[in-house]
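Below is one structure; the comments refer to it alone.
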Amino acid sequence: MGVEGCTKCIKYLLFVFNFVFWLAGGVILGVALWLRHDPQTTSLLYLELGNKPAPNTFYVGIYILIAVGAVMMFVGFLGCYGAIQESQCLLGTFFTCLVILFACEVAAGIWGFVNKDQIAKDVKQFYDQALQQAVVDDDANNAKAVVKTFHETLNCCGSNTLTALSTSVLKNNLCPSDTTVINALWKDDCHKKIDELFSGKLYLIGIAAIVVAVIMIFEMILSMVLCCGIRNSSVY
């Protein structure tokens, strides 16, 4: 197979990879929008305790994911068009965009890894402050509303078995409606539920980031090979 034949094979292979990349961008954008408007997270992270809003660190990662998905769709389209047209200029621009996008994804991955435990920790601290106010102060209606939202959304009660029991006995209107003194002992505490909520979503984001990173590496290699192939074929 000659240089021209190899160039055509790489061109169509790159087109397929770019089409997959474009689809992946659409999927990531859709997942990010779903995470942004997920009823569980929005009902918890839109709460306010007095003048203090719930921690919104989680949404920083979501906004980054939305931006990455949108840029991926644009870059994927640019790569498809550049591959079909065999344009060195478009392919060079595509490669540059990929490098920038890859660097941003690595930076976002490092940020997510550093903050993965902090996100749940901040939310748990916010919940504990509201729970303490709700149990101690009978007139803390705002704190009671925050605690009840956590309990109903996550189907939990208290931050440990003792707190769950005391909350059920002394403030039985704070726990989910089906909670009694007996089943309060067996109901999951809210710290555990908060960990499960955010760890599951961060795990999903991590898988998506790894898949996209692998695709980007292959596309950077193919785009450079195709550029070299186009340059060599033009010489002959």
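The values are calculated or read from the model by the stated rules, or taken from the named source; none is laboratory data. Quick caveat, the model's predicted, so the values are computed rather than measured. With ideal geometry, Cβ positions are generated from the backbone for all residues, glycine too; neighbour counts draw on all protein chains shown. Ligands, DNA and RNA are excluded from the accessible area calculation, which covers all protein heavy atoms including side chains. Shrake-Rupley method; radii C 1.70, N 1.55, O 1.52, S 1.80 Å.
Quick look at the values:
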quantity	calculated
Net charge of neighbours whose Cβ lies under 11 Å from the Cβ of Phe15, counting Lys and Arg as +1 and Asp and Glu as -1	0
Calculated FRET efficiency for the pair Val225/Leu23, C-beta based, R₀ 22 Å, to 0.05	0.50
Accessible heavy-atom area order of Asp38, Asp117, Asp128, highest first, probe of 1.4 Å	Asp117, Asp128, Asp38
Surrounding net charge for Val99, when Lys and Arg each add one and Asp and Glu each subtract one, Cβ distance under 14 Å	-2
P(r) histogram, all alpha-carbon pairs of the stretch 11-122 included - 10 Å bins from 0, percent	14, 35, 26, 15, 8, 2
Computed label-point distance, nm, for sites Asn141 and Cys89 using a 7 Å Cα→Cβ extension	6.6
Rounded accessible area of Phe19 (nearest 10 Å², 1.4 Å probe)	100
Cys227 accessible area, assembled protein chains, probe 1.4 Å, Å²	10
Contact order relative to length of the stretch 62-157, as percent, for alpha carbon pairs under 8 angstrom and 6 or more apart	15
Solvent-accessible surface ranking, highest first, for His151, His191 at 1.4 angstrom	His191, His151
Accessible surface ranking that places the most exposed of Phe95, Phe218, Phe77 first, with a 1.4 angstrom probe	Phe77, Phe218, Phe95
Rounded accessible area of Tyr12 (nearest 10 Å², 1.4 Å probe)	120
